Amino acid sequence: MTDAVTTRTPHQITVQPSGRSFSALAGESVLAAAIRAGVGLPYGCKDGACGACKCQKTQGTVVHGSYQSKALSAEEEAAGWVLTCCAVAQTDVVLQSRQVTDESAFPIKKMPVRVTSMTAQSPDVVQLRLQLPASEPLRYHAGQYVEFLLRDGVRRAYSMANAPHTLSATPSIELHIRHMPGGLFTDHVFGSMKEKEILRIEGPFGSFYLREDSDKPIILLASGTGFAPVKALIEQLQFKGSRRAVTLYWGGRRPADLYMDAWVRERMADMPQLRYVPVVSDALPEDGWSGRSGFVHQAVLDDFADLSGHQVYACGAPIVVDSARAAYTAERGLPPEEFYADAFTSEADKERQK
């Protein structure tokens, strides 16, 4: 892969069909410039590993920094596709991304937060609640995420698991943290974090949020703690009184990975349009699992012969999101622009992919 070339002057980046534009500074990636300007381009890992930020370039020239070929093939690059997380503009550039709308332009803020509670949901998942400053409200769309600002410029991203309307009662956000042994942040959360501890966050980020201008039936696809932003979407749908048909597919290796199964079933009592399909891939005899088995994205393929009239919101491990995107568009007719996703790659995963 080629190294990014530093340019001397800012270049204008325009995103169609929204018409939104922003300036990219010398040597700055397109994605970093978009985030700085509050423009919600899609992205996941920000390291050229997942491909979530891939956009079609219709005008201009960029030079890519290092990235993985599975995120952008040589054929895709030749056809004008770019990875905004590691693309540096050499001229003014025009991109195509239907995920960018004026609606997504909530201001990105840095703020202190206080740990108010840590509740174990499973042996390796904790529900973390963070109190927001009373004088500095956080505006976000259900499904978006914040980043913790750690020492030495290190960041860790986690999705809000509560919809924005819940802040009116209690100005706090809910996060679902899975322990990654050896992880800089999660070792602290599961080891030494205490209530009342002060942390710093920045956000909101991400283009994974409910498109409320559609009446299409919705498929929610979650793996593991990818359920967090999906939970926020369900709360948003219930709050808005939406009557759209919603089917949640939530996958885990073992039944315990479906750590808020009871919460989902409670929502179903109040949302008759909500259908729930839990899927477990590696159940053991002692689990007593009698539900659906296998890969969660495959369960959708098994249940739907045609997705051309649906929207899909997918969040979780990149392998799940990437497999779903490819299969649903190629095999079930899902319009590519109706697949909305957040794929989060852990630091451990990034190291393994090097």
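From the list Leu31, Leu25, Leu72, Leu83, which residue is surrounded by fewer than 18 Cβ atoms within 10 Å (Cβ to Cβ) and free of Cβ contacts under 8 Å to residues at least 60 places away in the same chain?
Exactly one residue qualifies, and that residue is Leu25.
Would you pick out the residues in the stretch 211-242 that are surrounded by fewer than 23 Cβ atoms within 10 Å (Cβ to Cβ), on the phi < 0 side of the Ramachandran plot and either in contact with a helix residue (DSSP H, G or I) (Cβ under 6 Å, 6 or more places away or on another chain) or free of Cβ contacts under 8 Å to residues at least 60 places away in the same chain (or both)?
Within the stretch 211-242, Glu212, Asp213, Asp215, Gln238, Phe239, Lys240, Ser242 qualify.
How do the pairs read when you match residues in the stretch 96-112 that are not assigned by TED's automatic domain parsing to the domain that holds Pro17 and assigned to a loop (DSSP other than H, G, I, E, B) with residues anywhere that are of a type in the set (D, E, K, R) and modelled with pLDDT under 75, using Cβ under 9 Å and keeping only pairs 6 or more apart or on different chains?
none
Output the qualifying pairs, or none if there are none: Cβ atoms under 6 angstrom, residues six or more apart or on different chains, first residue in the stretch 243-264 and hydroxyl-bearing (Ser, Thr, Tyr), second residue outside any helix (DSSP H, G or I).
Sorted first by the residue in the stretch 243-264, then by its partner, the pairs are Thr247/Ile219; Thr247/Arg275; Tyr249/Leu221; Tyr249/Val277; Tyr259/Gln121; Tyr259/Ser122; Tyr259/Val125.
Would you call Glu174 among the acidic types (Asp, Glu), at pLDDT 95 or above, in a loop (DSSP other than H, G, I, E, B) and not assigned by TED's automatic domain parsing to the domain that holds Arg20?
Criteria not met by Glu174.
I want to confirm something. Restricting to the stretch 133-151 and keeping residues that are touching a residue at least 60 places away in the same chain (Cβ under 8 Å) and assigned to a loop (DSSP other than H, G, I, E, B), which single residue is surrounded by the most Cβ atoms within 10 Å (Cβ to Cβ)?
My answer is Ala142.
Report, by residue number, each residue of the stretch 289-333 that is part of a loop (DSSP other than H, G, I, E, B) and polar (S, T, N, Q).
Hits for the stretch 289-333 are Ser290, Ser308.
The values are calculated or read from the model by the stated rules, or taken from the named source; none is laboratory data. Just so you know, these numbers come straight off a predicted model, no measurement behind them. Counting neighbours? That spans all protein chains shown, and the Cβs are built from the backbone with ideal geometry, glycine included.
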